[in-house]
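Visitor: Questions regarding the structure given below will be posed in turn.
Just so it is clear, none of the values below were taken in a lab; they were calculated from the coordinates. Source: prediction; values computed, not measured. Using ideal geometry, Cβ is built from the backbone for each residue, glycine included, and neighbour counts are taken over all protein chains shown.
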Ligand SMILES: Nc1nc2c(c(=O)[nH]1)N[C@H]1C(S)=C(S)[C@@H](COP(=O)(O)OP(=O)(O)OC[C@H]3O[C@@H](n4cnc5c(=O)[nH]c(N)nc54)[C@H](O)[C@@H]3O)O[C@H]1N2
Ligand SMILES: Nc1nc2c(c(=O)[nH]1)N[C@H]1C(S)=C(S)[C@@H](COP(=O)(O)OP(=O)(O)OC[C@H]3O[C@@H](n4cnc5c(=O)[nH]c(N)nc54)[C@H](O)[C@@H]3O)O[C@H]1N2
Ligand code: SF4
Ligand SMILES: [Mo]
C-alpha cells in the first residue's frame, strides 16, 4: 500500500516489515535519490515507531555490491529457462531413478509465508517427499515440540502487551537486549513507568540483558530443567497450584513427583539465589517467562520448554493479561514457517503429517497425487543423508547451512559430494553458494511482496519499495516455475503472492474443521487490493474471533481438551567435558550482526560495534593457558577448530567460553564457530545442541600480528584473518605462525596493488614492519605488523583510505584529532573513548545524561545497556558535599 498521506516530500512512503528478527517491527520505506530511507512505522503494533540499530541501518544494506543478479550454472551465467529446466529435469530424473526421498529441500524461517507455503506444497504434495526441513530446526524446533506436547498445538498463548503488563519478566536463555531489542526497549519503558516491575535473567553468561535485572542466575549450561523443576516442586510444596485451573491439566502429580527428585544443586547456583527465584516467581501473579535459544538449542531443549510450561500450567498463569510462557521467535517469519508446516513432520495450518485424516484433507484440497505418510529427514539427518549419497539432489533456499549447521565442515563435504545442489540466494559468494551447481538469484528484502508472522502471531505485510535488480526473481516465482516445469502447471499457476495467500487462508478453513487453532479463514476471499492494504493482524482471523490470547479458558488442542504437564527430568548436555576438551563452548549473537552477515556485514556502521570474531574467556581459564588480553586463542573440538581474539571477562563462567556465530569463510575463514559444534540433537525435537560443545583453548602462538586498512577489499594468505567494511573502505585483523619471505610482495598481494610506490618502516629487532601505499597523494592501503598484538589507533586509521595521510605509518592520530574508540552508539557513531571522557569530564551520572551530552543512545536505544555498563565501570569524580 502506498500511503500518500505519509509523503514528506517527493516519493510516498511504503509500509513494510523489518527484514530481521521475530519482533516484526513495522517500517516506512522511501526510495530517494540518496538511497532507501527507512524509519519506524508509528502505527505498527509491534514497535510503534521504534527500530533497533539493525532496523535503522536497513537502507545501508540494500546496495547491489555482492548481489547475485543472474542465474549461474557451474559458475557461468545462464538464462532463467536453462536454469529452471535443468533444476526441474534433474529433480525429475533423480526421482524417477531413486524415488521421491532421494531429493530434498532445505529452506528458511526468513522466507515469506507465500514462498514457504508453496515450497511445502511442491515437496509434500506433488513430489511426494517430506524431505523438506528448515533452519527453524536449528532455532524453534524444541519450542514447537514442547508446545505440542503441552497444548496439543504449537501456539504462543500471549501477546506483546503482556510483556508490558507483567510484574515479573524471567528471561531464560534469551539475550533480549541484543536479539529482540525493540521488545527489550518496550519492557524498559514499562519498567521506567512502573519501577516495581522486576526482571530475572537465567543465563550462564552475564549479558547486556542483565543490566536492569533484579537477579541474574548464572546457571551451569544445560541445567534449566533442574532449575524449573525446583520451582515446580516448590509450587506444589507451597500450595501455589491454581485449584480452578488445575483440572484442565493432566499429569500434574507425575510432574510434581519427578520435579521433586531433581537436585537443583546441579545448576551450580547458591540456595539463596534459588530461593529468591522461587519467592519472586511464586509470589508474583503476573509473570511472563520469555525463552529463546538458551532453552531451545539443547539436547534437552523440548524438556526445558516443558519444564517452563509446567510451572505456568500448574499456577494457571497462562493466556491472561501480563502472564504466560512466551517463546520469542528468531527470524522474521519463524512463526509463519511453523504455520505453513515448514518442518519435516508437519503439514500446513497446524495439521499433522502423520494423521491420516489431516493428510487426506490436505491432499484433496491440493488435488495432489501421492502424499508422504511419514515425516521426512530433519536438518541434521538430511545433511548426513546427503553426505551418504542417499539424497542426490537438494535445493537450498534463503539459508547458509555451511556456516550455520553444526559440524559445519562435514556439511560442506556433504554438499561437495552431492550430485546436484541448487542454491537460491541474494548473495553471490556465500560459503554455501560456492558449492552450488545451479545458483538462482532471489529478489531480496525491500523488493519482495508477501506476509510474515511475528512472535505474537501478528501477520504483517512486507511490501516492495525498490525495483527487483538484474534478473533476480522472487522465491515463490522460482518455486512455481519449477513446479510447472516438473509437470504440475495447474497446481503452480500463480501470478501474484495474494493468490497463494488466499489459497493458504482457505486451507486454514479446512484445518479449522479439524478443530485446529490456526484459522485465518477470514482472509480466504481477500481481494488483491485488500491484500495490498492489509494492516497488521493477529491470528486467529475468522467469523467469530480475531486475535486475543489462548488457553485462559482451560481449553487445549489435545484429544481430551486438557493440557499436559510433562514429567521431565534433568539430563546434562550430551558432550561431556574431559581432559582433552575441558571447556564448554557457548555460542550466540552480537547486537549489530545478523547471522552469517550477508546483509548486516555490508555496512560500516554495524561492523563498527564488534568488528572481529572473539571468544569470551574467564580470567582464570585464560591465565592457566598464558592467554593475555588481545591474544589470539585456538579452540579445538572433536569436530574442528578455529582461531578467535581473546576477550578476557568475568561475564563468562569459569569453565565456559562463548563465541559469536556470525563469521564465515568470507569474513573470517578461521573462525567459523559451527565447525566446532558437534551435531548432537534433542531426541524429541531434532534440534541441535548449538550451545554446549566441548573444546580446548590454547594460546595461538602467532609469530606476527597484523592490522590493515585499504580502500578496496583484501584477501590475505595467513592463519588468522578477519575483514570488516569501514566508512572509507575495509579493515583487516591478521596473524600468522610463519613470516612471509617477502613482506612487500605479501602486502601487494593482500591489497591487490601489484605496482606503485610503497613507503616502508622497519624495526627488525622488534619484529615491526609498517607499509603504506599512496597514489596521487591519497592513501590506498596500509599494513601494520608487530610481534605483539598490534597497538595502533584503529578507529582513526580506518578513516584514512582515500585521504591525504603522509603520517599514516605513525599509527596514531594527530594531537588535535582524538581517537573516538570502538563505536558504541551505531546510530550517531559515538565511540567508547568519547563516551568515557565525557562521563568523567562532564560528570555524567545516567544514560540519559550521556544522551543529552552526546546523543548516544537517543535513537534506537540498542546501546543503552552498554552505556550503563560504561557508567558503572567509570569512576565519576564525586563533587564534595
Ligand atoms: N542482533 C541479532 N539479533 C538476532 C539475531 C541475530 O543474528 N543478531 N538472530 C535472530 C534469531 S534467528 C534468533 S533465533 C534469536 C536468538 O535470540 P537469543 O536466544 O536471545 O540469542 P543467543 O545469543 O543465541 O542466545 C541467548 C542466550 O542463551 C544463553 N545460553 C546458553 N546456554 C544456556 C543454557 O544452558 N541455559 C540458559 N538459560 N541460557 C543459555 C547464551 O549465553 C545467550 O546469552 O535472535 C534473533 N535476533
Ligand atoms: N553454533 C550456533 N549455530 C547456530 C545458531 C547458534 O546460536 N549457535 N543459531 C541457529 C539459528 S537460531 C539460526 S536461525 C540459523 C541462521 O542461519 P542461516 O539461515 O544459515 O543464516 P543467514 O545468514 O540468515 O542465511 C540467510 C541466507 O539467505 C540469503 N538471503 C537473504 N535474503 C534472501 C531472499 O530474499 N531470498 C533468498 N533466497 N535468499 C536470501 C542470505 O544472503 C544468506 O545467505 O543459525 C543457526 N546456527
Ligand atoms: S527489533 Fe530490530 S531487528 Fe528486530 S524487527 Fe525490530 S528493528 Fe528489526
Ligand atoms: Mo534463529
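Visitor: Distance between the C-alpha centers of the range 51-95 and the range 472-510? Whole Å please.
Guide: Distance between centres, Cα-based: 19 Å.
Visitor: Counting other beta carbons within 10 Å of each Cβ, put 209, 300 in order, fewest first.
Guide: Least to most surrounded, the residues fall as 209, 300.
Visitor: Provide 74, 509 in ascending order of the number of other Cβ atoms located within 10 Å of each residue's Cβ, fewest first.
Guide: Details: 74 9, 509 17.
Ascending number of Cβ neighbours within 10 Å: 74, 509.
Visitor: As a test, work out the antiparallel percent of DSSP beta bridges whose residues both lie in the range 583-699, rounded to the nearest 5.
Guide: Around 60 percent antiparallel, to the nearest 5.
Visitor: So, one more: Which shape class applies to the range 5-60: rounded if a/c is under 1.5, otherwise prolate when a/b exceeds b/c and oblate if not, where a ≥ b ≥ c are the square roots of the Cα gyration tensor eigenvalues?
Guide: Taking the square roots of the gyration eigenvalues as a ≥ b ≥ c, the range 5-60 is oblate.
Visitor: Roughly how far apart, in whole Å, are the Cα centres of the range 156-225 and the range 781-801?
Guide: That distance is 39 Å.
Visitor: Ok, one more. With a Förster radius of 22 Å, plug the Cβ-Cβ distance of residue 872 and residue 189 into 1/(1 + (r/R0)^6) and report the FRET value to the nearest 0.05.
Guide: 0.55
Visitor: Which of the three applies to the range 155-327, rounded, prolate or oblate, going by the alpha-carbon gyration tensor with a ≥ b ≥ c and a/c under 1.5 meaning rounded?
Guide: oblate
Visitor: Follow-up. Can you put 486, 768, 140, 405 in order of Cβ neighbours within 10 angstrom, beginning with the fewest?
Guide: Ranking 486, 768, 140, 405 by Cβ neighbours within 10 Å, fewest first, gives 768, 486, 405, 140.
Visitor: Which shape class applies to the range 583-699: rounded if a/c is under 1.5, otherwise prolate when a/b exceeds b/c and oblate if not, where a ≥ b ≥ c are the square roots of the Cα gyration tensor eigenvalues?
Guide: In terms of gyration-tensor shape, oblate.
Visitor: Can I ask one more? By DSSP, what percent of the beta bridges with both residues in the range 596-656 are antiparallel, rounded to the nearest 5?
Guide: 55
Visitor: For the chain, what relative contact order do you get, as a whole percent, if you take Cα pairs closer than 8 Å and at least 6 residues apart?
Guide: Value for the chain: 15 percent.
Visitor: Then there is this: Which percentage, to the nearest 5, of the DSSP beta bridges contained in the chain is antiparallel?
Guide: Around 65 percent of the beta bridges assigned by DSSP in the chain are antiparallel ones.
Visitor: Determine the calculated [θ] at 222 nm for the chain from helices alone, applying -39500 (n - 2.57) to every DSSP H run no shorter than 4 residues and normalising by the residue count; nearest 500 deg cm²/dmol.
Guide: -8000 deg cm²/dmol
Visitor: Further, regarding this structure: Please give the FRET efficiency for residue 699 paired with residue 238, using the beta carbon to beta carbon distance and R0 = 35 Å, rounded to the nearest 0.05.
Guide: Numbers: r = 50 Å, r/R0 = 1.44.
Efficiency, from the Cβ-Cβ distance: 0.10.
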